[in-house]
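Presented below is the structure to which this report refers.
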Amino acid sequence: MTEIKETYYIDFDKLFENYADKYYNEHESEYEAPDDFAYDLDKVYNLWATSPQDVLGGLSPTEFFDGIPTADLPDILKGACAGDGNPSSLLFDRIARERSLMGELCEIARASSDNKLLDVVFSLLEEMGGADNAFYLEMIVRADIETETKEHCLEPLCDRVASDESLRDEILERTSHTEDINILELYAEVLSFAPSGNDKILELLRMLLGVDANTAYIAALMGRYGDDRAATDLYSLLDDCTYATFIEVRNAIEALGGTVDDHYRDFSDDPTYKALKNLK
């Protein structure tokens, strides 16, 4: 690998900010109000990205990033995410064009617990067409990754599960090897996008409905899954739940083709109901 140059870690956001300030000062008369400049930011960014910069030895930012050896990009990405830094969008775009780096990006994710770096890596993989199912299944069960960051890995699985029977089978197999409710929730989230009618998926959802404290969330998954056999389980919850949970359960029942009367229960003493209805 070539020596990593310090110029790779220049604050490119600050460079653009300085360029944009200078551009605005030179074109201020063209704007009725300072806020109007926001509409031209994309144009100004493209101008900056293709304009020679002294700090880059006369290269434009685009030329600069295009000239970085492919082999250097993963280490530059890690360095750009260190501390308070953030990678330039030009660096992101440069890496996203190099599909040969997908394997190395996956290895970076496996070795890292830095959620900022993981967010960027997962976004890059998505831009490059996505990693394989095994990688995403590995990532979603890691306890050191924040829930918001895991969403990057859940989304491709949710998109694929409807048409990928082997993925459904793999997830169902994994459910039999864990009792961790948080992990089972993640598996159920993905499986709720599968075609309805699978007995094992319904069994998983029913099990979670009975043991998971987040009843409203599991009810919503049941409604999304669309197996009307779950309606009986949901109806049984209506008589003994909070108003917030009642709303989710009712929505799920209606998604399955059932009905619940708006005045089924009196919630006048429920804090959430009172807050929503502005009752004292």
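The values are calculated or read from the model by the stated rules, or taken from the named source; none is laboratory data. Quick caveat: nothing in here was measured; it's all calculated off a predicted structure. When we count neighbours, we look across all protein chains shown, and the Cβ atoms used for this are built from the backbone with ideal geometry, even at glycine. For the accessible areas, the whole protein counts, side chains as well, though only heavy atoms, and no ligand, DNA or RNA atoms are used. Shrake-Rupley method; radii C 1.70, N 1.55, O 1.52, S 1.80 Å.
How big is the equivalent ellipsoid of the chain along its three axes, where each semi-axis is √(5λ) from the Cα gyration tensor, reported in whole Å from largest to smallest? Spell out each step's value before the answer.
Numbers: eigenvalues 448, 150, 45 Å².
So the equivalent ellipsoid measures 47, 27, 15 Å along its semi-axes.
Alpha carbons only, please: Rg and Dmax for the stretch 97-229, in angstrom.
According to the Cα coordinates of the stretch 97-229, Rg and Dmax are 15.3, 47 Å.
Pop out the carbon and sulfur fraction of the accessible area of the stretch 230-271 as a percent, whole number, probe 1.4 Å.
Working: 1070 of 2410 Å².
C and S atoms contribute 45 percent here.
Could you please state, rounded to a whole Å, how far the C-alpha centre of the stretch 107-136 is from the C-alpha centre of the stretch 74-98?
13 Å
Taking only the alpha carbons of the stretch 1-104, what extent do you get along each of the three principal axes, in Å, biggest first?
Here the Cα extents, ordered largest to smallest, are 50, 26, 25 Å.
Taking the dipole about the Cα centre of the stretch 1-88, with the C-beta of Lys and Arg at +1 and of Asp and Glu at -1, give me whichever of Ile68, Ala20, Tyr31 is farthest to the positive side.
Ile68
With a cut-off of 15 Å, note down the residues of the stretch 78-117 whose backbone N falls inside the zone around a label point 7 Å from the Cα of Ala134 toward its beta carbon.
Counting backbone N atoms under 15 Å from the label point, the list is 103-104, 106-107, 110.
Taking the Cα centre of the stretch 7-113 as origin, sum charge times position over the Cβ atoms of Lys and Arg (+1) and Asp and Glu (-1), and report the length of that vector in debye to the nearest 20. Mind dumping the intermediate values first?
Details: 8 positive and 22 negative charges, 140 e Å.
The dipole of the stretch 7-113 has a size of about 680 debye.
Rg to Rh for the stretch 112-186: what is it, with Cα atoms only and Rh by Kirkwood? List each step's numbers first, then the result.
Numbers: Rg = 12.3 Å, Rh = 12.9 Å.
We get a ratio of 0.96 for the stretch 112-186.
As a test of the formula, what do you get for the chain when each DSSP H run with n ≥ 4 contributes -39,500 (n - 2.57) and the sum is divided by the residue count, at 222 nm and rounded to the nearest 500 deg cm²/dmol?
Working: 16 runs with 163 residues, N = 280.
Roughly -17000 deg cm²/dmol at 222 nm, from the helical runs in the chain.
May I ask you to list the chymotrypsin sites (Phe, Trp or Tyr not before Pro) in the stretch 1-87 that are in a DSSP loop and have at most 14 other Cβ atoms within 10 Å of their Cβ? Intermediate results must be reported in sequence, preceding the final value.
Working: sites: Tyr8, Tyr9, Phe12, Phe16, Tyr19, Tyr23, Tyr24, Tyr31, Phe37, Tyr39, Tyr45, Trp48, Phe64, Phe65; in loops: Tyr31.
Sparse-neighbourhood loop chymotrypsin sites (Phe, Trp or Tyr not before Pro): Tyr31.
Do any chymotrypsin sites (Phe, Trp or Tyr not before Pro) in the stretch 219-248 lie in a loop, going by DSSP, with at most 10 other beta-carbon atoms within 10 Å of their beta carbon, and if so which?
Working: sites: Tyr225, Tyr235, Tyr243, Phe246; in loops: none.
The qualifying sites: there are none.
Counting only protein heavy atoms and a 1.4 Å probe, tell me what percentage of the stretch 1-109's accessible area is made up of carbon and sulfur. Working shown, then result.
Working: 3160 of 6460 Å².
Looking at the stretch 1-109 in its full context, I get 49 percent from C and S.
What distance in nm separates the two pseudo spin-label positions at Lys277 and Asn115, each 7 Å out from Cα along the beta-carbon direction?
In this crude spin-label approximation the distance works out to 3.7 nm.
How big is the charge dipole of the stretch 103-151 about its Cα centre, in debye rounded to the nearest 20, if each Lys and Arg gets +1 on its Cβ and each Asp and Glu gets -1 on its Cβ? Don't jump to the answer; show the numbers that get you there.
Details: 4 positive and 12 negative charges, 23 e Å.
Charge dipole, the stretch 103-151, about its Cα centre: 120 debye, nearest 20.
Please check which bits of the stretch 100-118 a label hung off Asp144 would reach, taking the label as a point 7 Å along Cα-to-C-beta and the cut-off as backbone N under 19 Å.
Correct set: 104-118.
What's the Cα-based Rg to Rh of the stretch 108-151, Rh via Kirkwood? List each step's numbers first, then the result.
On the way: Rg = 9.5 Å, Rh = 10.5 Å.
In the stretch 108-151, Rg relative to Rh is 0.91.
May I ask you to list the trypsin sites (Lys or Arg not before Pro) in the stretch 63-131 that are in a DSSP loop and have at most 15 other Cβ atoms within 10 Å of their Cβ? Working shown, then result.
Details: sites: Lys78, Arg94, Arg97, Arg99, Arg110, Lys116; in loops: Arg97.
Answer in residue order: Arg97.
Which angle from 0 to 90°, rounded to the nearest 10, does the C-alpha axis of helix 102-111 make with the longest principal axis of the chain?
70 degrees
Over the stretch 35-185, what number does the Rg to Rh ratio reach, with both radii from the alpha-carbon atoms and Rh per Kirkwood?
When Rh is taken as the Kirkwood radius, the ratio is 1.07.
Nearest 10 degrees is fine. How inclined is helix 199-211 to the longest principal axis of the chain, computing both from alpha carbons?
Value to nearest ten degrees: 80.
Roughly how many Å² is the accessible area per residue of the stretch 190-266, as a whole number, for a 1.4 Å probe? Don't jump to the answer; show the numbers that get you there.
Values: 3860 Å² over 77 residues.
Ligands and nucleic acids excluded, the figure is 50 Å² per residue.
Once Lys and Arg get +1 and Asp and Glu get -1 on their Cβ, which of Ala143, Phe246, Leu105 lies farthest toward the positive end of the dipole of the stretch 98-248?
Selected residue: Phe246.
If I model a spin label at Thr259 and Thr70 as a point 7 Å from the Cα along the Cα→Cβ vector, what separation in nanometres do I get?
Result for the modelled spin labels: 6.2 nm.
Accessible area per residue, 1.4 Å probe, Å², for the stretch 1-149: what's the number? Before the final figure, lay out the partial values.
Numbers: 8200 Å² over 149 residues.
Per residue, the stretch 1-149 has 55 Å² of solvent-accessible surface.
Roughly how many debye, to the nearest 20, is the charge dipole of the chain about its Cα centre, given +1 on each Lys and Arg Cβ, -1 on each Asp and Glu Cβ, and no other charges? Before the final figure, lay out the partial values.
Working: 24 positive and 60 negative charges, 114 e Å.
Dipole of the chain, to the nearest 20 debye: 540 debye.
Longer than 24 Å from Cα to Cα, which of Lys14/Lys116; Lys22/Lys116; Lys14/Lys78; Lys14/Lys43 are they? Say none if no pair is. It would help to have the intermediate numbers written out before the result.
On the way: Lys14/Lys116 19 Å; Lys22/Lys116 31 Å; Lys14/Lys78 19 Å; Lys14/Lys43 17 Å.
Result: Lys22/Lys116 exceed 24 Å.
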